[in-house]
Amino acid sequence: GGEKVESTVSGGVTMRISRGAQATLISASAPNTGQGSADELQRLATRVYRAVRRAVDGSNHPHIVRMWNWIPAIHRQLCGDQNCYMVFNAARFAAMREWFGGIDAIAVCAPAASGVGSESGALVVQAMSMARPGDSVGNPRQSPAWQYSRDYGLRPPCFARATRVRGIEPVLFISGTAAILGEQSRYVGDLAAQFELTLENLRQVIIAGDVDCGLEPLNAVRQARVYIARPADLANVKRWTRNAFRTDADLQFCRADLCRADLLVEIEAAAWSGESRKE
């Protein structure tokens, strides 16, 4: 109750801000045909990220704990071996430096995030902010994203594997999670194996986030969004997902290009403690 919604357009960025009692939700978008240069995309992403930051600075909810990014033409090569996602990451890295300072601060403060392709022709960045900062959570089986080598771009992607937010019921916001060990994609071309590794990575993050979940960490997942790269895989992924999670989990399925062309499935989630899985 008491939600206040604001809509503005400034500097080519369309903003929608919903301010509630517990959190603020921000959506910022700017048109991009996907045909511009690397410099144009980087300037666009910088402008959108700055608009998101301005929306929360000085507010009752100044701490961003979760982000979603939709990047147009995410796999298109722009310059050299850099694609749109890598160029976007350079802009995000610069924004995080503005927000938090050096890389050590980014390691502690960067929020959980997802990044997939946008089919709308717009760069869209959404964020959730709260009154208190969240706690970054890692996955011991995966390299921290901000430590990725230059094989994945001139600047690393800046996000936490998950963010734990404190309240009456602590919640773990889990970033888009896929079949990656260390920093490398695994089981290229094998949907079933990628799906199983994605589930195992989710388990490891939930354990690291100290969510009380009993013997099966996936029982703590109450909401999940599953991104699927190939439409033909939808039926199998839906079946496997419904078998993996609680019967009362809120599940969404979306077709999207993922951050790497060799990944076939990605899952983001929200997890918290509670009763065991319903049958």
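The values are calculated or read from the model by the stated rules, or taken from the named source; none is laboratory data. Please read all numbers here as calculations on a predicted model, not as lab measurements. Cβ sites come from the backbone with ideal geometry, for glycine too, and all protein chains shown count toward neighbours. Accessible surface is based on the protein model in full, side chains and every heavy atom, while ligands, DNA and RNA are left aside. Shrake-Rupley method; radii C 1.70, N 1.55, O 1.52, S 1.80 Å.
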Filtering the stretch 199-234 down to residues that are part of a strand (DSSP E or B) and open to solvent by 10 Å² or more (accessible area, probe 1.4 Å) yields Arg222, Gln223, Arg225
Picking from Phe88, Phe100, the residue that is free of Cβ contacts under 8 Å to residues at least 12 places away in the same chain and in contact with a helix residue (DSSP H, G or I) (Cβ under 7 Å, 6 or more places away or on another chain) would be Phe100
Keeping to the stretch 109-125, report how many residues are open to solvent by 20 Å² or more (accessible area, probe 1.4 Å) and under 26 Å from Asp210 (Cα atoms). 1
Using the structure shown, decide if Gln194 is touching a residue at least 40 places away in the same chain (Cβ under 8 Å), touching a strand residue (DSSP E or B) at 6+ places or on another chain (Cβ under 9 Å), assigned to a helix (DSSP H, G or I) and closer than 29 Å to Ser118 by Cα. yes
Go through the residues of the stretch 61-71 one by one and say whether even a single one is in contact (Cβ under 8 Å) with a residue 24 or more places away in the chain and farther than 30 Å from Gly167 by Cα. yes
Residue within the stretch 84-103 that is open to solvent by 30 Å² or more (accessible area, probe 1.4 Å), within 25 Å of Ser59 (Cα to Cα) and within 16 Å of the chain's Cα centre (by Cα) present: no
Of all the residues that make up the stretch 235-256, how many are crowded, with 21+ Cβ neighbours inside 10 Å and charged (D, E, K, R)? 1
